[in-house]
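Below: the structure, in structure tokens.
Where a number appears in this text, it was derived from the coordinates with a stated rule and is not lab data. Owing to the predicted nature of the structure, the values given are computational and were not obtained by experimental measurement. Positions of Cβ are generated from backbone atoms using ideal geometry, with glycine treated the same way; all protein chains shown enter the neighbour counts.
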Amino acid sequence: MMSNILTILHLYWSFVKIGFTSFGGLSMIPLITSEMISHGWLNLEEISDIVAIAEMTPGPLGLNCATFAGLRGAGLFGAISANLGAVTPSFTLCLIGAVFFEKFKKSDVMQRILIGVRPACIAMVLGVLVTLSATNYLLDGGISIIAIAISIIDFILLKVAKLGIPTVIIISAITGIVVYGFMHLS
């Protein structure tokens with residue numbers, strides 16, 4: 001019992017260290033490997049399997065690895081502990097950032113920084129919008145009227161009918177399957 005509690009605490013601390021010393025994604029793998037092997041929780045083959053599974057499943061690689069490594073190391077509580085450890089660095093840095101932002105949001109320097117940052121953020125969002133629009137509305141060398149119609153219907157469902165985003169996504173998926181399915185049958 002006591003060794004299991006220590007393992008859970010070690011899992012938490014290991015993933016805190018990993019979170020603070022890596023930049024997420026694939027850069028976490030060497031640190032995860034080192035921690036898992038040094039504590040004897042996993043061998044290289046198991047780590048390779050976990051990384052492969054974590055890459056295939058939805059979600060951030062670090063959290064997926066933390067979940068699987070924690071499960072292997074100490075069961076459900078190990079997975080919870082490892083995940084909490086993995087998110088602690090991000091949470092801490094965001095909290096510190098929020099405190100500093102709150103403290104300095106009225107300063108002239110911060111206002112000038114935000115004046116420069118806001119347009120940059122809008123430009124990045126517009127860049128993504130243009131890129132996604134090109135891949136979604138230009139099909140087979142032409143404009144897809146069906147895709148545009150689905151988008152207009154989605155907008156109406158979101159703004160006028162006030163449906164939730166998951167509901168609209170499901171309706172759009174079904175509509176796309178039905179409409180494009182019938183087009184390929186004929």
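Structure notes:
- Between 110, 36, 124, the GNM of the chain built on Cα springs shorter than 10 angstrom shows 124 fluctuating the most.
- Residues residue 111 and residue 134, FRET efficiency given R0 of 35 Å [Cβ-Cβ distance, rounded to 0.05]: 0.50
- Cα centroid separation, the stretch 39-101 to the stretch 134-153 (Å): 39 Å
- Ordering 170, 146 by the number of other Cβ atoms within 10 Å of each residue's own Cβ, fewest first, gives 170, 146.
- As a length-normalised measure over Cα pairs under 8 Å and 6 or more apart, the relative contact order of the chain settles at 18 percent.
- Cβ-based exposure ranking for 102, 46, in which fewest neighbours within 10 Å come first: 102, 46
- Ordered by the number of other Cβ atoms lying within 10 Å of each residue's own Cβ, fewest first, 12, 180 fall into the sequence 180, 12.
- Label-reachable residues, the stretch 72-88, where backbone N falls under 14 Å from a point 7 Å from residue 46's Cα toward its Cβ: 72-76, 78-79
- In the calculated pair-distance distribution of the chain, the portion above 27 angstrom amounts to 57 percent of the Cα-Cα pairs.
- Counting 0.36 nm for each residue step from residue 178 to residue 160 and taking away their Cα separation leaves a gain of 4.1 nm.
- Compared with the direct C-alpha span, the chain from residue 120 to residue 94 gains 7.3 nm at full extension, assuming 0.36 nm per residue.
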